[in-house]
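The values are calculated or read from the model by the stated rules, or taken from the named source; none is laboratory data. The model shown is predicted, which means the values in this text are computed figures rather than measured ones. As a convention, Cβ positions derive from the backbone with ideal geometry for all residues, glycine included, and neighbour counts pool all protein chains shown. Ligands, DNA and RNA are stripped out before the accessible areas are found, and what is left, the full protein with its side chains, is counted by its heavy atoms. Shrake-Rupley method; radii C 1.70, N 1.55, O 1.52, S 1.80 Å.
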Amino acid sequence: MPFALVDCANFYVSCERVFAPSLRGVPVVVLSNNDGCVIARSEEVKAMGVPMGAPYFQHRRAFARAGVRVFSSNYALYADMSHRVMETLRTLTPDVEVYSIDEAFVGLPDLRPDAVLDLARELHARVLRWTGIPVRVGVGPTKTLCKVAGRLSKQDGTPVFSLVGRSDLDALLERVPVRDVWGVGKRTGPVLEAHGVRTARHLRDVPDVWARKTLRVVGLRTVWELRGVPCLPLEEAPPPRQSVTRSRSFGRTVTERRELEEAVATHTARAAEKLRAAGLAAGALQVFLCAGASASASRRAPEGGRDRAGACAVSLPASNHTPTLLKAALRCLDRLHEPGRAYYKAGVILAHLTPANPAQGHLFLPYRPEDEALMAAVDAVNRKHGRGAVTFGRCGTEQAWAMRRGLVSPAYTTRWEELPVAAL
């Protein structure tokens with residue numbers, strides 16, 4: 001069965017352009033949390049030489065002179081658009097593995113090479129027509145060769161590239177540096193080059209014994225995949241979650257205990273909501289804080305004088321009951337908080353996950369069905385009226401510490417009041 005890798009082009013930028021046609025052909029960047037760094041660039045910005053991860057403050061004036069449109073991250077929009085892309089792919093084939101927010105592997109039927117190429121073109125056309133998101137489609141007999149095809153698609157500027165039934169496969173693999181082969185890491189690349197293995201073709205042709213000794217089993221699997229032997233099956237169901245993490249950097253450093261409590265409570269409530277949505281309960285909770293020595297020292301020291309302040313973990317009866325998790329999280333905060341210290345980030349990790357139904361009972365704690373009913377009611381109200389319609393008092397109301405997103409676009413697809421309006 002051949003595979004296809006569907007990769008959304010400049011995904012965050014493309015999402016911004018779907019509902020703002022005036023952005024087409026205009027240089028656009030999307031910034032990271034707190035508007036810190038560039039995390040997505042349009043082709044026009046790439047041509048300006050702006051690297052991925054570039055600090056925004058260093059390029060602010062250049063962007064203004066060049067007319068670059070700048071946006072804060074709008075994760076609600078990006079998550080919804082990603083869901084639309086994946087659902088569109090499932091209209092053509094049920095075999096879809098969501099690899100990341102902007103990539104998916106698709107299983108294709110065993111057809112003639114020209115028919116496979118036609119199906120890949122239909123994938124590209126339907127996603128663009130139904131969602132407005134441009135994608136590149138790389139096709140190959142294995143997932144690793146799909147990745148190679150995707151890279152060749154980018155090199156040639158063609159939206160669809162197939163390696164199925166190609167007589168010039170050797171020459172095509174010769175065009176791909178070994179460091180760009182999927183599965184070859186930053187440490188492995190220089191080792192391979194030191195042995196004269198510089199391209200994907202060289203890696204495909206190394207002896208098995210040498211690959212097993214130098215690259216271990218995982219590397220040997222990559223070599224076989226380059227030869228067209230499938231070693232990585234399509235994973236249509238995501239693996240079971242091991243943990244749920246919720247963390248954010250603050251919009252400014254925080255010194256007040258009250259604001260730290262609000263942040264930790266907000267992250268805990270959001271993580272608990274995710275647990276219930278997945279039908280899980282947590283048997284352990286961890287709170288971590290990141291800080292400098294003090295607010296003044298953080299400003300004076302290089303790169304803000306930032307370090308890891310510490311973490312605190314506790315075990316608890318398996319639960320997804322928000323008040324129970326809030327109590328545990330605030331006990332952890334009691335142990336971590338140092339008065340007078342300036343913090344710039346807080347987070348919560350829920351671990352030891354088990355199915356919520358049936359839940360593992362506790363020998364000394366009675367089962368309280370009203371807790372389950374209360375959480376179901378809270379989630380139902382928030383789903384109907386929007387997140388935050390019902391919240392917990394410890395989460396606060398103003399949240400002045402929250403992440404900065406001064407350039408965020410409307411939530412076009414997830415908030416009624418921000419739906420786009422068409423003028424005819």
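Selection of first residues in segment 79-90 that are open to solvent by 40 Å² or more (accessible area, probe 1.4 Å) and of second residues that are in a helix (DSSP H, G or I) and at pLDDT 95 or above, restricted to Cβ pairs under 8 Å at least 6 apart or on distinct chains, gives the following pairs, ordered by first then second residue: R84/W130; R84/T131. The residue that is nearest to G347 (Cα to Cα), counting only those in segment 386-422 that are in contact (Cβ under 8 Å) with a residue 12 or more places away in the chain and polar (S, T, N, Q), is Q399. When residues in segment 310-357 are screened for being open to solvent by 50 Å² or more (accessible area, probe 1.4 Å) and among the small types (G, A, S), 4 of them pass.
Condition first: aromatic (F, W, Y) and closer than 15 Å to G228 by Cα. Can you find one or more residues in segment 172-183 that meet it? Taking every residue of segment 172-183 in turn, at least one turns out to be aromatic (F, W, Y) and closer than 15 Å to G228 by Cα.
Which residue out of V106, V184, V137, V164 is over 23 Å from the mean Cα position of the chain (by Cα), surrounded by 15 or more Cβ atoms within 10 Å (Cβ to Cβ) and not in a helix (DSSP H, G or I)? Give the derivation first.
On the way: V106 fails: over 23 Å from the mean Cα position of the chain (by Cα); V184 fails: over 23 Å from the mean Cα position of the chain (by Cα); V137 fails: over 23 Å from the mean Cα position of the chain (by Cα).
Answer to the check: V164.
Selection within segment 260-287: residues that are among the small types (G, A, S) and outside any helix (DSSP H, G or I). The member of this set that is nearest to E338 (Cα to Cα) is A284. Is it the case that R17 is open to solvent by 20 Å² or more (accessible area, probe 1.4 Å), touching a Leu at 6+ places or on another chain (Cβ under 6 Å) and either under 30 Å from F250 (Cβ atoms) or not aromatic (F, W, Y) (or both)? Spelling it out, R17 is indeed open to solvent by 20 Å² or more (accessible area, probe 1.4 Å), touching a Leu at 6+ places or on another chain (Cβ under 6 Å) and either under 30 Å from F250 (Cβ atoms) or not aromatic (F, W, Y) (or both). Listed by first and then second residue, the pairs linking a residue in segment 66-77 that is closer than 16 Å to R415 by Cβ and open to solvent by 10 Å² or more (accessible area, probe 1.4 Å) to a residue that is of a type outside the set (F, W, Y) and assigned to a loop (DSSP other than H, G, I, E, B), with Cβ atoms under 7 Å apart and 6 or more places separating them unless they lie on different chains, are A76/A411; A76/T414.
Would you pick out the residues in segment 42-51 that are open to solvent by 40 Å² or more (accessible area, probe 1.4 Å) and over 27 Å from T413 (Cα atoms)? Once the filter is applied, which keeps residues that are open to solvent by 40 Å² or more (accessible area, probe 1.4 Å) and over 27 Å from T413 (Cα atoms), segment 42-51 yields K46, A47, M48, G49, P51.
When only residues in segment 251-269 that are open to solvent by less than 10 Å² (accessible area, probe 1.4 Å) and of a type outside the set (S, T, Y) count, which is modelled with the lowest pLDDT? It comes out as V254. Candidates are the residues of segment 193-242 that are in contact with a helix residue (DSSP H, G or I) (Cβ under 6 Å, 6 or more places away or on another chain) and open to solvent by 90 Å² or more (accessible area, probe 1.4 Å); the one that is nearest to V106 (Cα to Cα) is R227. Among the numbered conditions (1) open to solvent by 90 Å² or more (accessible area, probe 1.4 Å); (2) touching a Gly at 6+ places or on another chain (Cβ under 7 Å), the only one that A402 does not meet is (1).
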